[in-house]
Amino acid sequence: MTASTDASFAFDQPLLSGGRHFSTGDYHVARRFVERTTRGLFDFSLPSVREFRQYDVRSALLGETLFSLVKVDSVSGYDIEMMDDPDLVLLHILMRGNAQLQQGAAKADVAPAQMAVLEGMGRSHKRWYGTTQQLLVRLSRSRMERIVASETGIGIGDPLNFGGMQVLDLARVATLSNYLVTICRDLNDPQPCFNGHLGRLAERALVLLLLNAVPNNYKWAFAEESPSAAAPYYVRRVESYIREHAREPITTDDLVTVGGVSARSIYHGFRRFRSTTPMGYLKAVRLDMARAALALGRRQGSTSVTEAATAAGYSNLSQFSRDYKMRFRESPSQTLAEA
């Protein structure tokens, strides 16, 4: 893609008109604003500063999810370099202009009335053509994982992922798209209904709609009325054993004895019904235990990182720290300090 088109797509009323508003016709001011508000995550640049006209953004929070309506008026378009942030999942809903997204070797073109799903697992480059307007939704992967776990009762072994960049027509995800508009309409109001507890429930519903509408490695969990009951007896039996004995050393032979089937059957059962491996499930249980201990210990002033790791069944502190950071996108010491 080398040039913009005049195609556009609009909702039936303004979005986020009651949100926080920032607007400038000065490119350098806009660039500093983007860097400051994203904490260096986005780098905003132009092919020609002389052709920049305006940067305008309106934003509002729903729980931990940030909604932003962003309009950039630049004849020659602009570029966004996004640094990696493993906890970030972005929804780009394009209303005007065109874009090409690139992450690693993968490239995708986005046009009005389409939604792009982009994960922060690696650096990405976004080239926007001409004057553009988009609804940008920033979600937390760890928050979505907690919702998956609480809604389905499964342990989160492998991190939630959407398989890289995806571009979908809004018509294909109409329920999700309509709900996003409903949220934005509510956030227009000086006294939104989606606030406090209702806001958290609305955010939860948004995540569930997204996970059901967009392919991801946990979508299977929402296809059954009761994922736990759908799993074979030996998977449920091994799960129960792991939860009860997670603080102790557990071997594959132990799981075979408990499950009453072969190691191969247990492995494939967990991959099919829990989207992880038996040892991946054990690791997830131990990490959840450690995180709970760190949060409680901070409030009571009685737990260190080493104590939490040991109590959760870890004997190698370095391995614990690596696993913890990969799962929760922060170090154990950060959890202890911020709990």
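For segment 314-337, what are the residues that are exposed (fewer than 12 other Cβ atoms within 10 Å of the Cβ) and touching a Lys or Arg at 6+ places or on another chain (Cβ under 8 Å)?
Across segment 314-337, the qualifying residue is only Ala337.
Going by the conditions given, is Gln319 without any contact (Cβ under 8 Å) to a residue 12 or more places away in the chain and closer than 30 Å to Ala221 by Cα?
So Gln319 fits the description; yes.
Take Glu244 and tell me if it is free of Cβ contacts under 8 Å to residues at least 12 places away in the same chain, under 30 Å from Leu336 (Cβ atoms) and acidic (Asp, Glu).
So Glu244 fits the description; yes.
Please verify whether segment 199-206 includes one or more residues that are crowded, with 19+ Cβ neighbours inside 10 Å and over 23 Å from Ser59 (Cα atoms).
No: segment 199-206 contains no residue that is crowded, with 19+ Cβ neighbours inside 10 Å and over 23 Å from Ser59 (Cα atoms).
Would you be able to say whether some residue in segment 54-64 is among the β-branched types (Val, Ile, Thr) and either without any contact (Cβ under 8 Å) to a residue 40 or more places away in the chain or assigned to a loop (DSSP other than H, G, I, E, B) (or both)?
Yes.
Quick one: which helices (runs of 4 or more DSSP H) sit completely within segment 212-331 and have at least 2 residues that are of a type in the set (A, V, I, L, M) and modelled with pLDDT of 90 or more?
Hits in segment 212-331: 233-245, 252-259, 263-274, 278-300, 305-311.
For Met82, which of the numbered conditions (1) over 15 Å from Leu41 (Cα atoms); (2) touching a Ser or Thr at 6+ places or on another chain (Cβ under 8 Å); (3) buried (at least 19 other Cβ atoms within 10 Å of the Cβ) fails to hold?
(1)
With respect to the numbered conditions (1) surrounded by fewer than 20 Cβ atoms within 10 Å (Cβ to Cβ); (2) farther than 19 Å from Phe222 by Cβ, which one is the sole condition not fulfilled by Ser124?
Failing condition for Ser124: (1).
Output the residues belonging to segment 237-256 that are surrounded by 14 or more Cβ atoms within 10 Å (Cβ to Cβ) and over 28 Å from the mean Cα position of the chain (by Cα).
Arg237, Val238, Tyr241, His245, Arg247, Ile250, Asp254, Leu255, Val256
Starting from residues that are farther than 19 Å from Ala221 by Cα and among the β-branched types (Val, Ile, Thr), keep the ones in segment 137-172 and report whichever is surrounded by the most Cβ atoms within 10 Å (Cβ to Cβ).
Here the answer is Val137.
Scan segment 6-49 for residues that are at pLDDT 90 or above, assigned to a helix (DSSP H, G or I) and over 26 Å from Ser140 (Cβ atoms) and jot them down.
Selection gives Tyr27, His28, Val29.
The values are calculated or read from the model by the stated rules, or taken from the named source; none is laboratory data. What you see is a predicted model; the values in this text were computed from it and never measured. Ideal geometry is used to build each Cβ from the backbone, glycine not excepted, and the neighbour counts take in all protein chains shown.
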